[in-house]
1. What is the local net charge at Ala178, summed over the other residues whose Cβ is closer than 13 Å to its Cβ (Lys, Arg +1; Asp, Glu -1)?
2. Starting from the 7 Å offset along Cα-to-Cβ, what nm value, one decimal, do you get for the label separation of Thr62 and Asp273?
3. Leaving ligands and nucleic acids out of the surface, order Trp127, Trp146, Trp68, Trp172 by accessible area at 1.4 Å, largest first.
4. May I ask you to derive the FRET efficiency for Asp207 and Gln54 from their Cβ-Cβ distance with R0 = 45 Å, giving the value to the nearest 0.05?
5. With a Förster radius of 41 Å, plug the Cβ-Cβ distance of Leu107 and Leu29 into 1/(1 + (r/R0)^6) and report the FRET value to the nearest 0.05.
6. Given a Förster radius of 41 Å and the C-beta distance between Asp71 and Ala3 as r, what FRET efficiency does 1/(1 + (r/R0)^6) yield to the nearest 0.05?
7. Given labels modelled 7 Å from the Cα in the Cβ direction, how far is it in nm from Trp153 to Arg169?
8. If you roll a 1.4 Å probe over the heavy atoms of the protein chains, what accessible area per residue do you get for the range 1-152, in Å²?
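The values are calculated or read from the model by the stated rules, or taken from the named source; none is laboratory data. Please read these numbers as outputs of a predicted model, since none were measured by experiment. Note that we place each Cβ from the backbone using ideal geometry, even for glycine, and neighbour counts take in every protein chain shown. Keep in mind that these areas ignore ligands, DNA and RNA; they rest on the heavy atoms of the full protein, side chains included. Shrake-Rupley method; radii C 1.70, N 1.55, O 1.52, S 1.80 Å.
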Amino acid sequence: MLAYLIRRFAFLVLSLVVALVVIFVLLRLLPGDPANALLSVNATPEQIAAARAQVGSDKPLTEQFARWAGDMVRFDLGESYISGLPVLPEVLARLQVTVPLTVLGFLLALVIALVAGVAAAVGSDRWYGTLLSGFAQLGIAIPVFWVGIILVWIFALQLGALPAGGFPRDDWETPGEALTALTLPVITIAVVMSASLTRYVRAATLDVVGSGYLRTARAGGASMAQALWRHGLRNGSVPVIAILGIELSTTLLGAVVVESVFTLPGLGNMLIDAIAQHDYPNIQGILVVSTLFVLLVGFAADIVQRLVDPRLRLSVSGNR
């Protein structure tokens, strides 16, 4: 298992390096020069040359990449062309909104999906199982921004129970206000994500319910709930764990839409502003942090799968 962890970590590092190359190349393929963010419409050739020298776009691409990669090794994401402030502190500040939004939405979606998915599987031949499956299909079909708009209309505009958007100026110094501001965005994420997760939980539970070992447990006098808890949970969770990793990564990447709907000062909102202003350091910094998050989630999901299922650990030992 230790040898597998080392190989898996090496693969993670290699994937990150490839991702850095792709991010750098794709941004350089965009029309226009990064120095344009510093220039006015009527800039003179001298001003253009000075701006290109300032941002380094007058250097060969290989030299630009080597400089940027060296900064990445030192955890230096550069400085914003617009504000002149370091990118990393700003990204970390925005993550104080995006990470709680992502994690809380993910946890709520997981609870909903586990209850609804197991109920839909156990009652697959009953009316409530069909109803839950239908709701899951409907949730997948509805775009996330529509869910957000509907929730704002009901709970903010009609009932006045929750704020329609925004976030406290003092961030988490007033936790109650911060959590209140995140309530509708978290529910929005949970509704959309739980719809997708419910299908996978239902499919995994159906496989377990139809298995021989569960029928044996039932024949021994265990109830369906007891048999699922004692014998089906571990086997059914293995395929779901991989999906959870994908869904968690998708949630962070999709936060740009939710943050726009609820005007939250998170990472997604920062990315939209950076793209509109052609602020390359901010764009690169956000993409690097997001890519690292996705890779780490995939790494963690892979390890958890092997901890849950001994057969995967045995397969690792056998292939070594």
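1. -3
2. Those two pseudo-labels are separated by 3.8 nm.
3. Sorted by accessible area, descending: Trp127, Trp146, Trp172, Trp68.
4. 0.15
5. About 0.60, to the nearest 0.05.
6. It comes to 0.80.
7. 3.3 nm
8. On a per-residue basis, the range 1-152 sits at 60 Å².
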